[in-house]
There are 4 protein chains.
Amino acid sequence: MNISNKLIWIVLFVSVVVLMSFLKDRRDKNKKIVFFGDSITQMGVNPGGYITDIKEMLAQQGITNYDLVGAGIGGNKVYDLYLRMPADVIAQAPDIVVIYVGVNDVWHKSSFGTGTDADKFEKFYRAIIKELQANNIKVMLVTPAVIGEKNDYSNQQDGDLNKYSQIIRDIAKDLSLPICDLHSIFHIYEVEHNASNVDKGILTTDGVHLNEAGNRLVAEEMWKVLKTIQ
Amino acid sequence: MNISNKLIWIVLFVSVVVLMSFLKDRRDKNKKIVFFGDSITQMGVNPGGYITDIKEMLAQQGITNYDLVGAGIGGNKVYDLYLRMPADVIAQAPDIVVIYVGVNDVWHKSSFGTGTDADKFEKFYRAIIKELQANNIKVMLVTPAVIGEKNDYSNQQDGDLNKYSQIIRDIAKDLSLPICDLHSIFHIYEVEHNASNVDKGILTTDGVHLNEAGNRLVAEEMWKVLKTIQ
Amino acid sequence: MNISNKLIWIVLFVSVVVLMSFLKDRRDKNKKIVFFGDSITQMGVNPGGYITDIKEMLAQQGITNYDLVGAGIGGNKVYDLYLRMPADVIAQAPDIVVIYVGVNDVWHKSSFGTGTDADKFEKFYRAIIKELQANNIKVMLVTPAVIGEKNDYSNQQDGDLNKYSQIIRDIAKDLSLPICDLHSIFHIYEVEHNASNVDKGILTTDGVHLNEAGNRLVAEEMWKVLKTIQ
Amino acid sequence: MNISNKLIWIVLFVSVVVLMSFLKDRRDKNKKIVFFGDSITQMGVNPGGYITDIKEMLAQQGITNYDLVGAGIGGNKVYDLYLRMPADVIAQAPDIVVIYVGVNDVWHKSSFGTGTDADKFEKFYRAIIKELQANNIKVMLVTPAVIGEKNDYSNQQDGDLNKYSQIIRDIAKDLSLPICDLHSIFHIYEVEHNASNVDKGILTTDGVHLNEAGNRLVAEEMWKVLKTIQ
């Protein structure tokens, strides 16, 4: 092997190393966010879904260092999240996990008789946070938005949904965690935009699942909090 | 029989007739009010109960032309009232009936799975009113006060209880009936007097059944409406 | 008018009278049966539904003196039947009413929290019978067939459905009324024909609503009892 | 120190060592069994409770190498056991754990709307077994006995309780674990001893919690299986 051949090999090797380090660097700089929740999050990755909306918002703003991943399964309650967290979340090694759960914990009380006791909701919610933090994952909390869009506290589950939202607010305060309080945000929105006090069609299609306006609102409000997480 | 004897008998007879007519008159002038409801009304006739409180209020004000009768049975829902109305209310030939029901229609959804559908609640409620009015009985409506005393709409059944209260308010409006809106009255009271946002002990012993202050408040508010009914 | 003309008129008049009396007689001899129930009965008038099946059975046997009418509404519980009985049943002046209800009284406990208490189920059931009999209508009772087709008493509502069936059996015995005990008939059928113990697909499409075999079985078993009612 | 003093000290030292090793040996030979469950097990350690009964049975038979420990808490469902297992069971380093749960998973569906979904019941049940076995603890399964003592499958929860018992039987079969099938044992007993088909008072005080005969039956049946576990 002559010198020029050697040189070529050296240049090639250095190039590869530099390229790899660059790629690694790029990968390292990207924050991976897993959205962990129920059917609302499962639908969030669809076209027009809230996760897709955030992606498009970031693209428009030229923000490229985020990877957004949906991990929602329809019907999930807090202990469903707990049970599938190792495989569905931790195995993905995210930087941030958005926990967005609570609707079914309340709703299933009347629709199946299998809702979640308030004290057990808190226990499993805290167990999820603890396990994520033990894996050096940052956590953002979200309160459940609505079950019915009436704005005068006359949806059947309003009291209970508010109670479970308060549990999440208290955990956020207790553990100094960022929170996107959709339950309050939606209520304020409904008071302003739901003059005829209908129970669906303003931010949801059916009282629970987000329509276009609902997905956009959730995307905007979530991003406000997400961007503050270092 | 001489004339004086005859006279004595005549005087006696006339006296008795006058006395009887007077008594009849007094009895006729008395308005009979039947309080028709659940355990809250069943306890209302106890010492310190709201019906007893109204009686004492009237006595203090020298009002004597009312007969107050309790017809409450623990656990009753609207269709229990409907089923026992002929025997327990109409047979008593009251002038006024106070319908005070709704807590169990909501509560039994989660405690037994046998609450009352909202549309059926309205149907039986209207059927009770119709039957009472067909018997020339005046009707006063009452909204269910509370299930839990938290004042920030975070008691489990707040949404549903508000919904059923609204059904009663709508019926009252539709049929131009007097209403004592305890659900609103209690909420306002709780905002003012329940600073620490406890779920019982302000107006109730257990979140549902009235304590001394609760009975007094109900007595005062009911009388405000009752005295307007001619 | 001569005699022959007169005769023609007389013959014509007599003919019409005879014809009318014959038609009236035919109409009078027809027994009107109203099937009063929930979605199972609502579907019963469809092609392949159990009421249609009975009609076809009767046609094949040359039995023409029955009019079969469906009066089923999806989701109905015993007190729904009670509320709509005057308009939907008594107004039709039937000879016989088949009361076929109970599935939703049990099922709605877990699916909506608004099932019917066992004691209230019996009260409304008896009230329906009393009102029908007061209108000289004969009554046939039917026990609710199944919620889930497993044959080892492991369908979620098996215990409760059996309990409510027993209430109906007891009423039938107490009032000496004809009964078609579908709950027992279906259980025996499932033990014989559901070897793999599946929860639907043998006599139902979904565990509750009848498939072709289910409709035929119900038609045959109902007719066995109906034909005995004079 | 002279020789005899020295000797005394040596003898003393050896004695203590022998005694300690003997005690350790005795302790080591004792099998520690933790009974892990709900209110039935919480009451099991009372005088006349089933755990106390087993202790007395063993004493009468001169069996001394077992330590029986109760770890029951009223109202517990399968995920309550899961959540408190580390502190309440594993920390005690038992040889055998008896898992006796299921009544509240079914019952709370109708009494609070917070029963346990069948599939989640199995997941948490298996997670408990897995964790115990990972700690070298032997496991014995128990099916929930009764909610109501009627013997003709007409107790409200009979179907569901049977379904959850079958889940436990299937897990036992799948993992080759010893099982005490109280659900079957109680049914057979009720058929034989509950001729008047009452819903409590034969083996329970209230349809769920064991009376004297019930505790004795559970003690005998559990011991039959426990003594086979090496």
Unmet criterion (only one of (1) of a type in the set (A, V, I, L, M); (2) more than 14 Å from chain C (Cβ to nearest Cβ); (3) more than 30 Å from A:H183 (Cβ to Cβ)) for B:A127: (2)
Answer from C:I40, C:I73 - the residue that is surrounded by fewer than 17 Cβ atoms within 10 Å (Cβ to Cβ), hydrophobic (A, V, I, L, M, F, W, C) and under 25 Å from C:F186 (Cα atoms): C:I73
Among the numbered criteria (1) in contact with a helix residue (DSSP H, G or I) (Cβ under 7 Å, 6 or more places away or on another chain); (2) at pLDDT 95 or above, which one does D:Y153 miss? (2)
On the given criteria, is D:Q166 assigned to a loop (DSSP other than H, G, I, E, B) and within 8 Å of chain C (Cβ to nearest Cβ)? no
Of the listed residues (D:D174, D:D119), the one being within 14 Å of chain C (Cβ to nearest Cβ), out of contact with any Gly (no Cβ under 8 Å at 6 or more places or on another chain) and assigned to a helix (DSSP H, G or I) is D:D119
Residue check, A:D181 buried (at least 18 other Cβ atoms within 10 Å of the Cβ) and not polar (S, T, N, Q): yes
When every residue in region A:28-57 that is among the polar types (S, T, N, Q) and part of a loop (DSSP other than H, G, I, E, B) is compared, the one nearest to A:T228 (Cα to Cα) is A:N30
Which is away from chain A (no Cβ under 14 Å), in contact (Cβ under 8 Å) with a residue 12 or more places away in the chain, within 30 Å of C:S111 (Cβ to Cβ) and in contact with a strand residue (DSSP E or B) (Cβ under 6 Å, 6 or more places away or on another chain), of D:V45, D:V101? D:V101
Hey, A:I73 hits all of (1) in contact (Cβ under 8 Å) with a residue 12 or more places away in the chain; (2) farther than 25 Å from D:V78 by Cβ but one; which does it fall short on? (2)
Quick check on my filter: what residues within region B:148-167 are of a type in the set (F, W, Y) and on the phi > 0 side of the Ramachandran plot? B:Y153
Does region A:148-160 contain at least one residue that is out of contact with any strand residue (DSSP E or B) (no Cβ under 7 Å at 6 or more places or on another chain), away from chain B (no Cβ under 14 Å) and assigned to a helix (DSSP H, G or I)? no
Here's a check for you: in region C:58-88, which residue that is under 19 Å from C:K29 (Cβ atoms) and assigned to a helix (DSSP H, G or I) is farthest from the chain's Cα centre (by Cα)? C:A59
For the condition without any contact (Cβ under 8 Å) to a residue 12 or more places away in the chain and not polar (S, T, N, Q), what is the one hit in C:K163, C:K173, C:K200? C:K173
Of the residues in region A:56-70, those that are crowded, with 16+ Cβ neighbours inside 10 Å and farther than 28 Å from A:K130 by Cα come to A:L58
Condition check: within 14 Å of another protein chain (Cβ to nearest Cβ), aromatic (F, W, Y) and at negative phi. Does D:Y50 satisfy that? no
May I ask you to list pairs of residues, at least six apart or on different chains, whose Cβ atoms are under 9 Å apart, with the first in region B:144-156 being within 21 Å of D:G113 (Cα to Cα) and the second being buried (at least 24 other Cβ atoms within 10 Å of the Cβ) and of a type in the set (K, R)? B:Q156/A:K109
Tell me, which residue of region B:89-127 that is of a type in the set (G, A, S) and within 16 Å of the chain's Cα centre (by Cα) is surrounded by the fewest Cβ atoms within 10 Å (Cβ to Cβ)? B:A93
Please go through (1) under 22 Å from A:N197 (Cβ atoms); (2) more than 14 Å from chain B (Cβ to nearest Cβ) for A:Q133 and return the number of the only condition it doesn't satisfy. (1)
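Do we have any residue at all in region C:222-229 that's surrounded by 19 or more Cβ atoms within 10 Å (Cβ to Cβ) and of a type outside the set (A, V, I, L, M, F, W, C)?
Among the residues of region C:222-229, not one is surrounded by 19 or more Cβ atoms within 10 Å (Cβ to Cβ) and of a type outside the set (A, V, I, L, M, F, W, C), which makes the answer no.
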Against the definition (in a helix (DSSP H, G or I) and either among the β-branched types (V, I, T) or within 16 Å of the chain's Cα centre (by Cα) (or both)), how does B:G214 come out, yes or no? yes
All but one of (1) free of Cβ contacts under 8 Å to residues at least 24 places away in the same chain; (2) within 14 Å of chain B (Cβ to nearest Cβ) hold for C:K55; state the number of the condition that does not hold. (2)
Quick check on region A:185-208. Is at least one of its residues in contact with a Ser or Thr (Cβ under 7 Å, 6 or more places away or on another chain), modelled with pLDDT of 95 or more and not basic (K, R)? no
Kindly list the number of the only condition in (1) assigned to a loop (DSSP other than H, G, I, E, B); (2) buried (at least 16 other Cβ atoms within 10 Å of the Cβ) that fails for A:D206. (2)
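The values are calculated or read from the model by the stated rules, or taken from the named source; none is laboratory data. As the structure is a prediction and not an experimental result, all values here were calculated from the model. Glycine gets a Cβ as well: all are built from the backbone with ideal geometry, and neighbour counts include every protein chain shown.
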